[in-house]
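Each value in this text was obtained by applying a stated rule to the coordinates, not by laboratory testing. Only a predicted model underlies this, so the values are computations on that prediction, with no experimental measurement involved. Cβ placement follows ideal geometry from the backbone for every residue including glycine, while neighbour counts extend to all protein chains displayed.
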Amino acid sequence: MIATVLKRLGLTSDDPVAGLESRSGAGIHPVRTAAGTPAFLKVTPAALGPEARAAAERELRFYREIAPAVPLRTPRLLDVAEYVDARAAASAAGSNDEGADERAGGLALLLEAAGTTRDVRSWTPDLWTTLGRDLAALHDIPLPATWPRPDALTDALTEPDLPTTERFWAATLPRTADLIAARDSLAEAMAAVPPAFVHGDCHTGNLVVAGDTLIFLDWQVCGPGRPTTDLAFPAVRATPAGVAAPTGLIDAYLRHRRLDRASLNLALLAEELSTYVFQWPPFAAYNTRKGIDRVRHRAAHLATRWFAETC
Ligand SMILES: Nc1ncnc2c1ncn2[C@@H]1O[C@H](COP(=O)(O)OP(=O)(O)OP(=O)(O)O)[C@@H](O)[C@H]1O
Ligand SMILES: [Mg+2]
C-alpha cells in the first residue's frame, strides 16, 4: 500500500521494508523527496477506521490552517496524498463486503524531517522552561469555531472502567474508593482553567530538540481543550523513566500567561492524578516493573496531596 503513495508523491523509501506491498503502510515512514531531501511520510489507511481517519484529517487541517500562524515550530507540510491502493481496491471489487471499497485507500501527509527527539532522561532544565514558554504561546492562539476532538480523560472520568481501576490501584493507592467517588471534583478542578487550543499529545516523544528550540510533532488530537492536558501529560509520560518534570515548566508557563497559580496547580494535580488512576492501568503492560512502581509511587503522592488540599 505504501508503494502506491511513494510512487504518487515521487518519493524513495529510507526504510528497507516500507516498500513491501504486504505491509499495511500504517504509521510513519522515513523517505526522501525527488530532490533527495529527507522527510517523513505519515500514512493512515482508511481500514484503521473512522477515528483514525478523523485524527489524520485533524492533523492535516492543523498543518494547513493553524501551523502557518502558530507561534512555535512545527515541521513543514510538504505534500498530501489521498490514495487508493490498487490491490486492495481490486480485492474489494470482487468481494461482497460493501464497506471494503472505502477501506482500500487512505490519507498520507509528507512532512519535513525536523530532527530527532531526545530521551526524556537527558532533557535539561532549559528545555523544560522552553516547553513551558511554547505551550503558553500555543494556548494563547484564538480558538477555532468548529474543531471536534476526542477527550479520552473526560470519557474515562464520565464512564470509568471500575473493575480495571480497582484491580490495579486498590493495593497501593491511598483511598482508591474516595478518589473514584471524587470524579466530579477532579473534573471541576481541571475545568477551573479556561479552555485553550491544545496540542493534546504533548510528551517528549513528540518533541524534536534542535539546539535550544523545540519542534512540535504529531498534531492528531489538537484542538480546544484543557491547558492542563499539555502541562500534565509530559510528566505522566516521564514518570516511568524516573524523571519528574521540574517546576521550571510551570514557572515559565505562568511567566507568559496570566493565570491564577493556585487554581492552575490544583488543576494540574487533578489532571495528572486522574490520568494515572482512570487511564493508565492498561498501559502498565507496556512498562517495566520499575516503571510501574514509579507510577504507583507518584500517584500515591498526588492522591495524598489531593486529599490534603481539598478536604
Ligand atoms: N517530521 C518529523 N521529523 C522528525 N521526526 C519525525 C517527524 N515525524 C515523525 N517523526 C518521528 O516519528 C515518530 C512518530 O511520529 P508521530 O508521532 O507523528 O506518529 P504517530 O503515528 O502519531 O506515532 P505515535 O503513535 O508513536 O505517537 C515521532 O515520535 C518522531 O520520532
Ligand atoms: Mg507521536
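Principal axis extents for the chain, Cα atoms only, whole Å, descending order, please.
Reported extents, whole Å, longest axis first: 63, 45, 41.
Can you give the Rg and Dmax of segment 248-294 based on its C-alpha atoms, in angstrom?
Using the Cα atoms of segment 248-294, the pair Rg, Dmax is 14.5, 40 Å.
If R₀ is 35 angstrom, what is the calculated FRET efficiency for the pair A241 and A145, using the beta carbon separation as r and rounding to 0.05?
According to the calculation, E is roughly 0.35.
Would you list D14, D212 from fewest to most Cβ contacts within 10 Å?
Ordered by Cβ neighbours within 10 Å, fewest first: D212, D14.
Tally the DSSP beta bridges in the chain and give the antiparallel ones as a percent, rounded to 5.
Around 95 percent antiparallel, to the nearest 5.
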